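Each remark here refers to the structure printed beneath this line.
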Amino acid sequence: MPGTASERRDSARTAVVWEALGPILDKQSLEPPGLRVLDVGGGTGGFAVRVAGLGHRVTVVDPSPDALAALARRAREVGADVTGLQGDLSDLASLVDDADVVLCHGVLEVVDDPAAALATIHSVLRPGGTVSLLVAQRHAAVIARAMAGHFPQALELLSGAPTGPVGRTGHRFTADEATALVTAAGFALTSVHGVRVFADLVPGSLLDLEPGATAALVELERAVATRPEYLPLATQLHLLASR
């Protein structure tokens, strides 16, 4: 397991996503030049650099020049080959030809029209390709706001009403809503996983002080990821779908 408390927490938060992506990214990882992977809103490369390390051709499209500069530094540090392009979802058609895999993690929350965003992704994903979506889950956000004492915001989220301008608080999705968006965009849904069911609730000090706590937490996250009764407790939902 990673060494620092921050790395251990990140490992617990992303283990389910990486496990779901594993079979897809492993398909051609040993066959140069690998898959064409597009990371929309990939920022500083938390996912992109690791995917590139598996032997794939990775392009990150992000609107922030600062994030892309950090991506370039991170890629250089580990010798990964990642292309960074400044732009957003509306620019995809002019920036890339097509992709075998599209990662869209934490992006649908901040776009004005999630359905239009998925339609754009569909247009650049090759037939048979895979889209990986990571979205914020509404019920967990209701609980988080209530626990922080933000009761009016919790009530608005509960009703499905927006709690502020898109880009500041953004969209939140239930599993049914996310699934409906994906299928309406013409994708065939492969799987839905709950992510960070417990990881955000566990004190960081516990991962620091208890030997084996991170590994046990990851095992627990994996155990509940596909159980429908735990989806409403997940901070995020991870959806895989094919074109």
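The values are calculated or read from the model by the stated rules, or taken from the named source; none is laboratory data. This one's a predicted model, so the numbers in the text were calculated from it and none came from an experiment. Positions of Cβ are backbone-derived with ideal geometry, glycine not excepted, and every protein chain shown enters the neighbour counts. Surface accessibility is based on the protein's heavy atoms, side chains included, excluding ligands, DNA and RNA. Shrake-Rupley method; radii C 1.70, N 1.55, O 1.52, S 1.80 Å.
Put simply, when 234-243, 86-95, 9-18, 67-76 are sorted by average Cβ atoms within 10 angstrom per residue, most first, you get 234-243, 9-18, 67-76, 86-95. The portion of the accessible surface of the stretch 126-216 made up by carbon and sulfur, rounded to a whole percent, is 63 (1.4 Å probe; DNA, RNA and ligands excluded).
Tell me whether the stretch 68-132 comes out rounded, prolate or oblate; compute the Cα gyration tensor, take square roots of the eigenvalues as a ≥ b ≥ c, and use a/c under 1.5 as the rounded threshold. In terms of gyration-tensor shape, prolate. With 0.36 nm allotted per residue and the present C-alpha distance subtracted, the Ala223-Asp113 stretch has 36.3 nm of extension available.
Highest mobility in the GNM of the chain, judged by mean-square fluctuation with C-alpha springs under 10 Å and restricted to Pro23, Pro127, Pro232, is found for Pro23. Each DSSP beta bridge with both residues in the chain is either parallel or antiparallel, and the antiparallel ones are about 40%.
With all protein chains kept in place, the per residue accessible area of the stretch 67-205 amounts to 48 square angstrom at a probe of 1.4 angstrom. The heavy atoms of Thr183 present about 70 square angstrom of accessible area, all protein chains included, probe 1.4 Å. For Ile143, the accessible area of its heavy atoms, probed at 1.4 Å with every protein chain present, is near 80 square angstrom.
How many percent of the accessible area of the stretch 10-121 is carbon or sulfur, using a 1.4 Å probe? Present the calculation step by step, with values, prior to reporting the outcome.
On the way: 2510 of 5120 Å².
Accessible surface attributable to carbon and sulfur in the stretch 10-121 totals 49 percent.
From the Cα gyration tensor of the stretch 97-243, with a ≥ b ≥ c the square roots of its eigenvalues, which class applies: rounded if a/c is under 1.5, or else prolate if a/b is larger than b/c, or else oblate? Cα axes put the stretch 97-243 in the oblate bin. The shape of the stretch 166-243 comes out prolate: with a ≥ b ≥ c from the C-alpha gyration tensor, a/c is at least 1.5 and a/b beats b/c. Each label point was placed 7 Å from the Cα along the Cα-to-Cβ direction; for Leu85 and Ala144 their separation is 3.1 nm.
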